[in-house]
Each structure stands twice: as structure tokens, then as C-alpha cells.
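Only one structure is covered here, and it is reproduced in the block below.
The values are calculated or read from the model by the stated rules, or taken from the named source; none is laboratory data. No experiment lies behind these values; they were computed from the predicted model shown. Here the Cβ positions follow ideal geometry from the backbone for every residue, glycine too, while neighbour counts run over all protein chains shown.
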Amino acid sequence: MPVYDGKELRIIGFLCNWCSYAGADTAGVGRFQQPTDLRIIKVPCSGRIDPLFILKAFQGGADGVLVSGCHPRDCHYAEGNYYARRRLELLKRFLPVTGIDPDRFEYTWVSASEAPRWQHVVQTFTDRIHKLGPSPLLAAPLTDAEMAKLQSQVEAGSGCGCHK
Amino acid sequence: MTGLEELKTKILGALPELDVVIGWEQGYDALNATPLFIRKPEDVERLIIGPLCAHNLATYLPGLKDKKVGIVVKGCDSRAVIELLQEKLINKDNITIFGLKCDGVVNLNKIRKKIGDLGQIRKVVFDSGIITITAGETDHQLKFSEVRMDKCDTCKYPNALLFDHFIGTPDDRQNGIEPEHISDAEFEKMSLEDRFAFWKQEMSRCVRCYACRNACPMCVCRDHCVAVTRDPHWISQENDTADNWMFQMIHVMHLTGRCVECGECERACPMDIPLMLLRRQMNKGVRDVFEYEAGIDPQGKPPLLTFKVEEDNIPEREW
């Protein structure tokens, strides 16, 4: 499979076992070409997805999060995706409050037989995330200059920067 | 808030049937009120009501679920009681509600910002919109409208919505206050980058004392809170910006469609972090999508505990 032009980004996908995961499998078996940025996590049902999974992914530095489940009326457990739809919609509306671009998160419905649709979803979403670039980090790693300063402080015996 | 004598009489009348009645009493000085647990008739004498009674006493109800409890509530507190009833976390048969009409409560942080830390306060007088604070030999006069809680500015429910006894007669409310923190309108003008930086800055100040959670009437998990369990291990014990952010996100997410905007989280916060901004913005989403407001109708259903096959305000996914 082709690696995306330039650097790969980290996209997390939460897929329900019965429709979307099977759909992604169908796409793979059918050798549909897809970008390789997506890391898939299988869950029993989209109703299993706590909106905190998505926020946790962003906290950990994910550049995008994709959720996919069975189409409404098609849930393996009859109504899991209806609950999921309400939660995910509110999360999507809340994300801009935190300063995370709501375009970095998408939820959608893909059934087990929709391999071309799955390919389209992954392609569109990955393109979108690459346009946005890496996501801002809550805990930015120390720059080289900061690290050097810390090093010199430790060597001078004044301890770390926060205890001066 | 008026009608202290009427309230005392009603509490005395109901007390023989009840294990405890929760109200407010004077705290360690004239500017601080503190919760009062009335068990004996003579305790009633210590009861006060007024602009100092900011505490939402509904926070105590889930812990006293099996006791016969009387509770004094303002409008916003009554919404928390309703929300707890909706979720069957408390039993109406065990609760007697004394409803007040509220004219707003003070924000001690705002007072502190205006006149500094005065040490022991000897006397506080509220008179026609002016609050006079006496410390030592000096009097400080402040406009009450400038030191009220932010939530009182946008309050639509000054009268208790659910009660067994109402004190006095219901009242209309007044407006026009300077918010302590950034207003929603100002916040909404900020770019995504600025908002991200704003929260990063605020969350770096959080000391994860969990005061916001402990004061929250809707946070009923107590010792099982996912923020402190090791299994699942959502956040580490480390006090860093990312984990603090995650903790606040957990609080917001667990209040989605349940938060009654009583403002206790923000009042309890020792670091003065604008937590209510997150709650108000989330509630805006809940109103837009589900046309629902928490804590109004005891028979209502929180929007995330139910669904419609065809949602009215959620568009079909395009791809």
C-alpha cells in the first residue's frame, strides 16, 4: 500500500465489530487502495464508544479520530448506534470550545458490504487531516534550548526550573 | 431572599418527621456562610438566608439517600434536586423541600479582587443594592450587582421550581453584572488556536484537588470516580497540563445534558479556573440539538438516556 506523501499522521479509528470493521475487512480483501495513516481499534458496537475515548486520543496526540458504526436502523444490537449518534453529535459540537478543530473528528456509518464507501471515507478523512496538519499538543515536549537550560541548572546545583 | 421567620416556623413544623434539615448558618466571620445541619429544634435559631448562602446543598442529598431529609433550596439548587430525582439517585418520598426566591448570591472571589484580603470581617450589611463590609475600623462599600456570582446574571429560574413549602411569593429577577471571567460572547470570538492556548494555560494552573467534583451535585460516583480509579486508568496521578485537561473533560462529558449550571464547581475552585464556561458551552449544544434544559421537569428524561430513530436536529452523515 502507498505511504501518504510526506510524513504519516496519527489517525485513530473506532470501528464497530459488526458493520464498519467488517466493511474495512471487505475493502482489504477486495484490495482497495487506502492511505495507511489510520490505526483501527475494534469495539463491539458504536454504542460502546465513550466520547472520552476520542478526547483521550486527542490528549495523547492523535491528529484525527474517526468513528464508524452500523447505519441507523441496522445496529447489530438494535439501538446502540442511536445512543452513539447523540453522544458523538454533542462531542462534535463541543470540540471547538476546547480549541480542537471539529474537522479532526468525524463519525459516519459504513456497513459490512460497503467496501468502496469505506475506501472513500478513509481517503476523504485522511486528506482532510493532512490538510490540517499535526494537531496542537497539550503537553509540548521541551525544546533543545529548554533542555539545555535545564541541564545547566541541574549541573549548577539549583535543581529544576520549577524550584528556583 | 426574605422570609427567614416564615422559613424557621415551617422547618420547626416539619422537623419532628425528619432526621435532618439542611440550611445555612453564619461561618467563621460575617462574610462567610456555611452549611447547617438542623437536627434539634434549638439548631433552627442559627439558620440564616441571604446573599451569602451560595452553597448548593443538593450536593448532600445522594449521600443521605435513606434518611428523611429536609433541604432549603434556591432556584438553581432546586434544579439540581430535580435532576437527581429524574435519574432516581434520590427518593422524593424521603425529601422535604423548602423553596426560596433568590436575588442572587455573592462571589467572594470578586469581593476579594475588589478590596483585597481584609482578614477578619466584623460586619456585613446588604441594603438596597449596596453591600457594606466592615473590617477593623473601616467600611468598604460595593455594589451588590458587581460582586454577584456570574451565574446570577444569566439566571432564568430565581424561584425554586420544585418545593413542598415555598417561602414568600415568587419574584421576577434583575440584570446587569460584570462577569468575573471572560464572557461567552468574548470567548466565542476567539480563534481555535487561541481557545486551545487559553485552556492549556488554565489547565496548567489546575492542582487537581477535585474540589469541583466534590462540590458538584451531579457527581454521584464518589469513590468510584473514573478520574481516580486504577482500573480503568484514565489519567495518571501526575499533575500535568494534559492530565488536568483530561480530568476536566471527564467532568464536562459526565455532565452532558445533566448540568444545571449551579456554579458550585467554579465557586469551589481554589485556582479560580472558569469551569462554568465549559459547562455553559456544552449546555448550549444540548439546547441546540435536543431543545432540552436539565433540572426543569422531574418527569423528563436526560437526552443521552434516550433516543429518537429520526433525530430532529442531527443531520444525516454525508459520507
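Looking at the range A:64-90 only, could you name the residues that are of a type in the set (A, V, I, L, M, F, W, C) and either outside any helix (DSSP H, G or I) or facing chain B (nearest Cβ under 8 Å) (or both)?
Those that are of a type in the set (A, V, I, L, M, F, W, C) and either outside any helix (DSSP H, G or I) or facing chain B (nearest Cβ under 8 Å) (or both): A:Val65, A:Leu66, A:Val67, A:Cys70, A:Cys75, A:Ala78, A:Leu90.
Going through A:Arg93, A:Arg31 one at a time, which residue ends up being assigned by TED's automatic domain parsing to the domain that holds A:Thr126, assigned to a loop (DSSP other than H, G, I, E, B) and without any contact (Cβ under 8 Å) to a residue 12 or more places away in the chain?
A:Arg31
Considering only residues of the range A:91-117 that are more than 10 Å from every other protein chain (Cβ to nearest Cβ) and of a type in the set (Ser, Thr, Tyr), which is farthest from the chain's Cα centre (by Cα)?
If we take residues in the range A:91-117 being more than 10 Å from every other protein chain (Cβ to nearest Cβ) and of a type in the set (Ser, Thr, Tyr), then A:Ser113 is farthest from the chain's Cα centre (by Cα).
Looking at the range A:120-133 only, could you name the residues that are more than 8 Å from chain B (Cβ to nearest Cβ) and either buried (at least 20 other Cβ atoms within 10 Å of the Cβ) or over 29 Å from A:Asp25 (Cβ atoms) (or both)?
Once the filter is applied, which keeps residues that are more than 8 Å from chain B (Cβ to nearest Cβ) and either buried (at least 20 other Cβ atoms within 10 Å of the Cβ) or over 29 Å from A:Asp25 (Cβ atoms) (or both), the range A:120-133 yields A:Val122, A:Phe125, A:Thr126, A:Ile129, A:His130, A:Gly133.
Name every residue in the range A:51-71 that is within 15 Å of A:Gln123 (Cα to Cα) and of a type in the set (S, T, N, Q), in order of residue number.
The one that is within 15 Å of A:Gln123 (Cα to Cα) and of a type in the set (S, T, N, Q): A:Ser68.
Can you tell me which of (1) in contact with a Pro (Cβ under 7 Å, 6 or more places away or on another chain); (2) more than 14 Å from every other protein chain (Cβ to nearest Cβ) is the one B:Glu261 doesn't meet?
Unmet for B:Glu261, out of (1) in contact with a Pro (Cβ under 7 Å, 6 or more places away or on another chain); (2) more than 14 Å from every other protein chain (Cβ to nearest Cβ): (1).
Regarding B:Arg267, is this residue part of a helix (DSSP H, G or I), away from chain A (no Cβ under 14 Å) and modelled with pLDDT of 90 or more? Write out each step before concluding.
On the way: part of a helix (DSSP H, G or I): yes; away from chain A (no Cβ under 14 Å): yes; modelled with pLDDT of 90 or more: yes.
Criteria met by B:Arg267.
It is to be established whether one or more residues within the range A:71-79 are among the basic types (Lys, Arg) and surrounded by fewer than 19 Cβ atoms within 10 Å (Cβ to Cβ). Explain how you work it out, then say what you get.
Within the range A:71-79, the first condition is being among the basic types (Lys, Arg), and the residues that meet it are A:73.
Subsequent filtering for residues that are surrounded by fewer than 19 Cβ atoms within 10 Å (Cβ to Cβ) retains A:73.
Yes.
Kindly check whether there is at least one residue in the range A:37-59 that is farther than 30 Å from B:Ala197 by Cα, crowded, with 20+ Cβ neighbours inside 10 Å and within 12 Å of the chain's Cα centre (by Cα).
no
Could you pull out every one of the strands (runs of 3 or more DSSP E) wholly within the range B:1-74 that has 2 or more residues that are surrounded by fewer than 22 Cβ atoms within 10 Å (Cβ to Cβ)?
Strands (runs of 3 or more DSSP E) meeting the threshold: B:20-26, B:33-38.
Grab the helices (runs of 4 or more DSSP H) fully contained in the range B:113-222, keeping just those with 1 or more residues being of a type in the set (D, E, K, R), in contact (Cβ under 8 Å) with a residue 24 or more places away in the chain and crowded, with 18+ Cβ neighbours inside 10 Å.
B:150-153, B:192-205, B:211-215
For A:Leu138, indicate whether it is at the interface with chain B (Cβ under 7 Å from one of its Cβ atoms), more than 20 Å from A:Ile40 (Cβ to Cβ), in contact (Cβ under 8 Å) with a residue 60 or more places away in the chain and buried (at least 18 other Cβ atoms within 10 Å of the Cβ).
On the way: at the interface with chain B (Cβ under 7 Å from one of its Cβ atoms): yes; more than 20 Å from A:Ile40 (Cβ to Cβ): yes; in contact (Cβ under 8 Å) with a residue 60 or more places away in the chain: yes; buried (at least 18 other Cβ atoms within 10 Å of the Cβ): yes.
Yes: the conditions hold for A:Leu138.
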